[in-house]
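Step one of this worksheet: look at the structure below.
The values are calculated or read from the model by the stated rules, or taken from the named source; none is laboratory data. Since this is a predicted model, take the numbers as computed values, not measurements. All Cβ positions, even for glycine, are placed from backbone atoms using ideal geometry, and neighbour counts span all protein chains on display.
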Amino acid sequence: MALPAERQNRPLARWDPSREFEDLYTQMGRLWDSAFGPGSGTAPGWTPLADVSETDDAFIVEVEVPGVRAEDLTVEVVGNELTVTGEMKETERQGLFRKRTRRVGEFEFRTSLPRDVDADNIEANLSDGVLTLRIPKAEAAKPRKIEVRS
C-alpha cells in the first residue's frame, strides 16, 4: 500500500556536470591537503591554462595569467623543456566571500617542446592577461625543401 507524500512546489534545479567536477576537484584538494599538508604537491600551487602551436619557424605558447604583472613571471628553457612560473597575488577585499573560484598564489606551467629550439632568441610579451612566447626553432629543426633531380 502506497503512503501519501507531500509535494514540493518549487522548480527543479538544472544539473550542471561541470559543477560536479568542480566540487570533486575541491574535495580532492582538501583530502590531499589534510593528508600531506597545504602546498605539499610536487608543483607549486596550480597550473594556468595554455595553448601551444607550431609554425614553420617557431613554437607559439600562450599562457593565461590574468592580473599577473611581468615582474612576477619567470620563463626558462632548458633543452627542449619550457617552464613558466609566477605568482598571482591576492587583492585586498572588504566584506565576506559568498563564492570564490579565482585562483591565487604560485603557479607553474611546464611543457616539453618537440624539437630543438633557439633559446637565445625567445620573445615574451604580456598583453591583456596573456603571456605570449615565440620560441624560434633551431636551424637544424626547421623544415628544408630537398630538390629531387632526375
Report task. Give the residue, chosen from ALA58, ALA119, ALA50, that is surrounded by 15 or more Cβ atoms within 10 Å (Cβ to Cβ), touching a strand residue (DSSP E or B) at 6+ places or on another chain (Cβ under 9 Å) and under 21 Å from TYR25 (Cβ atoms). Result -> ALA50
Requested in this report: Scan region 91-115 residue by residue and report those that are over 24 Å from ARG19 (Cα atoms) and surrounded by fewer than 14 Cβ atoms within 10 Å (Cβ to Cβ).
Outcome: THR91, GLU92, ARG93, GLN94, GLY95, ARG110, SER112, PRO114, ARG115
Report summary line: Those strands (runs of 3 or more DSSP E) completely within region 52-111 that have 1 or more residues that are in contact (Cβ under 8 Å) with a residue 60 or more places away in the chain and either under 15 Å from GLY129 (Cα atoms) or in the same structural domain as ARG134 (by TED's automatic domain parsing) (or both) are 58-64
Query raised in the report: In region 100-150, what count of residues is obtained for those that are over 20 Å from the mean Cα position of the chain (by Cα), over 14 Å from ASN80 (Cβ atoms) and of a type outside the set (A, V, I, L, M, F, W, C)?
Result: 10
Report task. Say whether the condition of being of a type in the set (Lys, Arg), surrounded by 10 or more Cβ atoms within 10 Å (Cβ to Cβ) and closer than 17 Å to VAL65 by Cβ is met by at least one residue in region 129-140. Result -> yes
Query - All positions within region 63-94 that are in contact with a Ser or Thr (Cβ under 6 Å, 6 or more places away or on another chain) and of a type in the set (A, V, I, L, M) - result: LEU82
